[in-house]
1. Once you order the gyration tensor axes a ≥ b ≥ c over the Cα atoms, which shape class does the range 338-396 get: rounded for a/c under 1.5, otherwise prolate or oblate by comparing a/b with b/c?
2. Given the Cα atoms of the range 292-500, and with Rh set as the inverse mean 1/r over their pairs in the Kirkwood sense, what is Rg to Rh to two decimals?
3. Tell me the volume per residue, in Å³, of the convex hull enclosing the alpha carbons of the range 72-204.
4. Give me the percent of Cα-Cα pairs in the range 378-469 that sit more than 20 Å apart, rounded to a whole number.
5. Choose one of LEU104, MET118, PRO152: the residue whose Cα lies farthest towards the positive end of the charge dipole of the range 88-227 (beta-carbon charges +1 Lys, Arg; -1 Asp, Glu; about the Cα centre).
6. Going by a ≥ b ≥ c, the root eigenvalues of the Cα gyration tensor, does the range 97-140 fall in the rounded group (a/c under 1.5), the prolate group (a/b larger than b/c) or the oblate group?
7. For the range 139-271, rounded, prolate or oblate, judged on the Cα gyration tensor with a ≥ b ≥ c (square roots of eigenvalues), a/c < 1.5 rounded, else prolate if a/b > b/c?
8. Please go through the residue pairs LYS96/LYS369; LYS369/LYS423; LYS95/LYS369 and name each one whose alpha carbons sit more than 19 Å apart in this structure.
Amino acid sequence: MSADETDATTKDPAHSYQHLKTGRAKAALSGIIWSSFNSLAPAAVGAGVFTITSRFLSPSEFGIVAFAASIAGFASAVAPVGFGEAIVQHRDITKKHLDTVFWLCMASAVVIYVALLMAAWPLSFMTGEAELALFVPIVGARVIFDLAATVPNALLTRSMSFNRLAIRTTMASIVSAIVCLSVLAMGYGAWALALSQLSAAVAASIAALVSVRWRPGWHFDRAALADLKRFGLFASGNRILTTINVDQLMVGSLLGAGPLGLYGFAQRIYQILSQLLVGVLSSVSFPLLSTLRNEHEKLREVYLSATFISSAASFPIFVGLASVASDLIPLVFGPQWIDALWALRAFCLIGLLACVGVLQSSLIRSQGKVDWWMWYMVANQVLTATVVLCFYRFGVSVMVCAIALKTCLYWPVSAVMTAKLLKISPLSYLRPFLLPTFAALLMFLCVILAQRSLADVDPVVRLAAEIGCGAVVYLVAILSLGWRRVVELMSIVKRTHSNA
């Protein structure tokens, strides 16, 4: 490393290529705050834009853009973005590693986008959806900007510079919202959704590049690539499995744009809430757990505490949404989406495990078991595709309920692996979930009782009463029955902060 580069790394932690060795607890706590903002701001903006567009667009318009996005996602999934995770995880990183990964990503982006351009018209003819030929090139162009930001994002994550990541994401969401609402106001319908996706990628890429002093040099070092190859390939394999929307591709191909619109509507609400909750966990947990690889006691303590916090935050949101959905959907999004009611409830069940799953993923990958996680995700995608093939003929609602049941039955596999890595029994691993589960069930019963008692009341008043009643019951249950656990968590935070 040159003298200039060395000087840069000492001035700004975002420019250091090394893992944090001290101040990790402080960085993690700061990361939670900034990652909360990083998730809250885009989720709030996205929810507002989604609510507005859902009242003006039909399920078919939503469906055609979702279909184009799933095709673009299928193609871009093979990109070597996992080498960005390898930069985060690898112990010793130099500028040669960064430059090599950047040019690998950019070459892949060009190949992928050319392939999308060539496939757009044939795919539109094969599926009978003529508009695909127009939307795929627009939505697919985001792959170039997404891959350009791979190395800068990895540097920010590696140095736990969550404030810069938050600013990047917030800027992208605001730009996307402005573009979407402007195009919608001009009367271009579904084009608002397509252009907003592309503009978000452009803004995020520019913000990420500006946030670091690193700039790509003209290096492509095979030895540097070999250092990252194993983790990078398996991490890229994991990304293929998480990025490819097998379900959306199959629903669009088998049922068409209208049913896909209903499916995508329910999934989008689930994704907004997951972004709010999972975004915080995924941003902080992987780099933090990576630094604790050789500190097993602290690793276990931090992980189990995070599990309790995650479930305590996510369970009331998804259980509450499922219980008030029948009043919420027509009031907020419009009566044209009422057919998505049971699909949304099924996604809420999936959401209960999503926040837990991101912690499992971070733990397993941070401990070097990235290959195991990849094969776990392979099996998950195969099971999802099988469920869709078996149940699509019964309609979207039945199909999503079957997917949710599959998710619940498959989740114990990752739970057992997590318990093994933590060197605890599966029952000990499940203990942090008990109180949030009990409190969420009490909340659910309270909301259903309020719903039935106020059946003849104005829907707006009834919805407000349901939400207020559920929130109070859940908070009382958590604070009264789990006060000792809250005190323990505060003690862990103070102890970790003083020792890190």
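Throughout, read-outs are computed from the coordinates displayed, never taken from laboratory work. Predicted model, so just to flag it, every value in this text is computed and none were measured. Please note: Cβ atoms are built from the backbone with ideal geometry, for glycine as well, and neighbour counts cover all protein chains shown.
1. Oblate, since a/c reaches 1.5 and b/c is not below a/b.
2. Using only Cα positions, Rg/Rh for the range 292-500 is 1.02.
3. Convex hull of Cα atoms, per residue: 90 Å³.
4. Of the Cα pairs, 63 percent sit more than 20 Å apart.
5. Checked the options; the winner is PRO152.
6. Prolate, because a/c is 1.5 or more and a/b exceeds b/c.
7. Verdict is oblate for the range 139-271.
8. Distance filter (> 19 Å) returns LYS96/LYS369; LYS95/LYS369.
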